[in-house]
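Asker: Handing you this structure, nothing more for now.
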Amino acid sequence: MGYRFIFVPVGAIAIAGSAFAAEPAPTPPPVVPVFTWSGVYLGGQVGYAWGQDNVSWSGTANNLGLAGGSFGEGQQGVIGGARVGYNIQPNPWFVAGIEGSVDGTSLSKSVGVPLADFAGDTFGSMTASSNAGIQGSVRGRLGIAFDRILIFGTGGVAVTSFNSTYFDTTGFFTGVPGTNTTLSNTRAGFTFGGGIEYAITDNWSVQAEYRHSNFGHISDYPFANPNAFVLPAGGYVVAQHYLTENQVQVGFAYRFDMMVPPPPVVPPAQPIVTK
């Protein structure tokens, strides 16, 4: 009787211990992947741009003597287009990349210019208008990432197409009222700015950006023979432009996933069997 009293508890303890030892180890929780800005992306942008075209002109006014002056054309309009780029994020906070963009613009301005010789005597007027067409840029980007928020600076080379139209309204230069000419130029300069970008999902992001561009000087010779710069009445005109531009744009981008190998597969834990 006493033997049975001792054996039953010992057997129960052995069976319970064997069952406990046979249970698999608990599976660790899945590791949540850290968000990264690395990858190739495509996007679009739209916004508002305003520029300044400061013009200095001089020449001979229809054989009436030397003439000259200056005027400004404050262009403004819509700007929008597309961009492509690549980011690399070597650590949780630093992001570097390169981006190219192409924009079409509606920037334009037309002004009436009273024309006078250097003595101050007014002989007529001219209408000058300018517009910027297609613009492009190739820029580097450096940023600081706060998980899905990226604050960045950008800078590089910018190119613009630029058209200028001159109307000799009163024949001041040519002797023929209403004579007009349009000159087209392509000018390269520099651009810089910065912005903020937010990743809505792992692939989609939105951003806001400001940039300033400087395209330097452009010289036009309106109403002139391109070989001799001679007007029909024997004079000449030269107009020097100095172009700067500011733009504010909002945009979106889709980032393609990087081709990274999958993490190694860890085999499930095997139950421990005791004999």
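Asker: If you add up the charges near GLY194, with Lys and Arg at +1 and Asp and Glu at -1, over every other residue whose beta carbon is less than 13 angstrom from its beta carbon, what do you get?
Answerer: Neighbourhood net charge equals 0.
Asker: Once fully extended, how much extra length lies between THR181 and TRP93, figured as 0.36 nm per residue of separation less the alpha-carbon to alpha-carbon distance?
Answerer: 26.3 nm
Asker: All other residues with a Cβ under 10 Å from the Cβ of ILE98 taken together, and with Lys, Arg as +1 and Asp, Glu as -1, what is their net charge?
Answerer: So the environment of ILE98 carries a net charge of +1.
Asker: Kindly state, to the nearest 0.05, the FRET efficiency for SER70 paired with ILE134, given R0 = 41 Å and r defined as their beta-carbon distance.
Answerer: Using R0 = 41 Å, I get an efficiency of 0.90.
Asker: Next question. Among THR127, THR169, which comes first, then next, by fewest other beta-carbon atoms within 10 Å?
Answerer: THR127, THR169
Asker: List the relative contact order of the range 38-255 as a percent without decimals, with contacts defined as Cα pairs under 8 Å and 6+ residues apart.
Answerer: This gives 23 percent for the range 38-255.
Values quoted throughout were computed directly from the atomic coordinates according to the rules given, and no laboratory measurement underlies them. It should be emphasised that the depicted structure is a prediction, and the values quoted were computed from it without experimental measurement. FYI the Cβ positions are ideal-geometry reconstructions off the backbone, even for glycines, and counts take in every protein chain you see.
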